[in-house]
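A.B. asks: Please find one structure pasted underneath; my questions will follow.
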Amino acid sequence: MIGRRITYRTADGVRIPGTWRHAFIRNGSYFLTDLFIYADGLIDCWGLVTVEEFEEKLRTGRVATTLPDGAEASAHDLARWKFSEPRSWLTPELVVAEVRDTIDQLNQRPDSTDRCLAAVDVFLADRTEENRAAAHTAFLAVPASNRRYVLGDMDSKDWPLRVLVAGPGGRTYVPSDPPVSSEAYDRALAYFEERAHWRAQHEKRVPADGPEVAYAPAIHLFESYPNEAVSDPGHRGLRNDYPAPLTVGEVVYPSVAHAYWALSVAQPEVRSAIAAADTAFAARELAAAAARREGWEHVRAAVMTRLLRVKYDQHPQLAEILLATDDATMIYDDINSAFWGENGGHGRNWTGRLLELVRSELHMRRNGIPGL
């Protein structure tokens, strides 16, 4: 199961999503390391290998699933120890099955659990022995370590499922289970009937905040260095350095960027020079050479929010451009700031996030939400 363990590697400029799990590599002694699994089927276990090559490493013990008593082990730069009465629940076959499932999950394809549940649905719709056998085979194809999670029910675990696919008089894969009685089988059937009812009710439910919708295509607001306003600026008009004069108090600033940098500095005379700067770039350069207001880093997001509200209040045509972006993610480039820009995934994108906030406020006013 991937959970929150998400990573990636870059191949030919393409991000390949992946995840990781712990493993022991045997190279003389044993080394605790991370095994990286990627959506394109490559596995990094001290070198990228295919699934087939990974299976060979498991067969030869290079990737270890058995840990001899007394063997030395280490975790790089962390600790060394010796195994004493080690126990492992893994086998090469189990690890490979889990890795194949992980690759399916990374590609958003049905994994062994999904295939098992699909086969069970076929059997419940048409309860022939042939369909039961297919469901039984699909269930046993789920890695043993994951079978208890197939139903997503940590109270019953996989008991109803293993009883259902074994059938009356059959034996489950758990050696301690008795032969399936008619009573147990009926309880398992009742469980799946109730589960089907619950699933049907759940599928009909609409979230209180409205149905989920697909993501709108993200909008990337690239650096553009606009020098003058145009009749149809498109998304360039959403840049903070776009020439859109705004009045804040008694001062008129040529752009949001001018206003932001003027308000950031401590000296009033520098603020005036920034407000009069020919370009947003020149305004930033003047501000960079001056002292910031005390505590500016704690208030800058609030200041930017107010300036964006002023801009789109005072320029309805630009507000229409912002509203037309629907609910798209706004990705803002700012080569000078990892705080304001997204910058290829390395920045916090606060400008983009605040544009989305102001856009939502514009929609709220347009839709006449009362009481706010």
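The values are calculated or read from the model by the stated rules, or taken from the named source; none is laboratory data. As the structure is a computational prediction, the values presented were derived from the model and not from experiment. Neighbour counts run over all protein chains shown; Cβ positions are idealised from the backbone, glycine included.
A.B. asks: Scan (1) surrounded by fewer than 23 Cβ atoms within 10 Å (Cβ to Cβ); (2) under 35 Å from the mean Cα position of the chain (by Cα) for the single condition E250 breaks and write down its number.
C.D. replies: Every listed condition holds for E250 apart from (2).
A.B. asks: Only helices (runs of 4 or more DSSP H) wholly contained in region 85-143 count here; list those with 3 or more residues that are in the same structural domain as I16 (by TED's automatic domain parsing), in contact with a Leu (Cβ under 7 Å, 6 or more places away or on another chain) and touching a residue at least 24 places away in the same chain (Cβ under 8 Å).
C.D. replies: Answer list for region 85-143: 92-106.
A.B. asks: Of the conditions (1) over 27 Å from A138 (Cβ atoms); (2) in a strand (DSSP E or B); (3) out of contact with any Pro (no Cβ under 6 Å at 6 or more places or on another chain), I37 satisfies every one except a single condition; which number is it?
C.D. replies: The failed condition is (1).
A.B. asks: Just the residues that are assigned to a loop (DSSP other than H, G, I, E, B) and among the aliphatic types (A, V, I, L, M), please, taken from region 324-342.
C.D. replies: Residues satisfying the conditions are A324, A328, I335, A338.
A.B. asks: Further question on the same structure: Residues in region 180-235 that are under 29 Å from the mean Cα position of the chain (by Cα) and under 30 Å from D333 (Cα atoms): how many?
C.D. replies: 13
A.B. asks: Looking at S84, is it buried (at least 17 other Cβ atoms within 10 Å of the Cβ), hydroxyl-bearing (S, T, Y) and in contact with an Asp or Glu (Cβ under 7 Å, 6 or more places away or on another chain)? If you could, list the steps in order and put the result at the bottom.
C.D. replies: On the way: buried (at least 17 other Cβ atoms within 10 Å of the Cβ): no; hydroxyl-bearing (S, T, Y): yes; in contact with an Asp or Glu (Cβ under 7 Å, 6 or more places away or on another chain): yes.
In short, no.
A.B. asks: Taking the condition of being of a type in the set (D, E), at pLDDT 95 or above and surrounded by 14 or more Cβ atoms within 10 Å (Cβ to Cβ), how many residues in region 122-173 meet it?
C.D. replies: Qualifying residue count for the region: 1.
A.B. asks: Taking interchain pairs and intrachain pairs at least six residues apart, which have beta carbon atoms under 6 angstrom, with the first residue in region 9-21 and at positive phi and outside the structural domain of F36 (by TED's automatic domain parsing) and the second surrounded by fewer than 16 Cβ atoms within 10 Å (Cβ to Cβ) and assigned to a strand (DSSP E or B)?
C.D. replies: Hits for this filter: zero, empty list.
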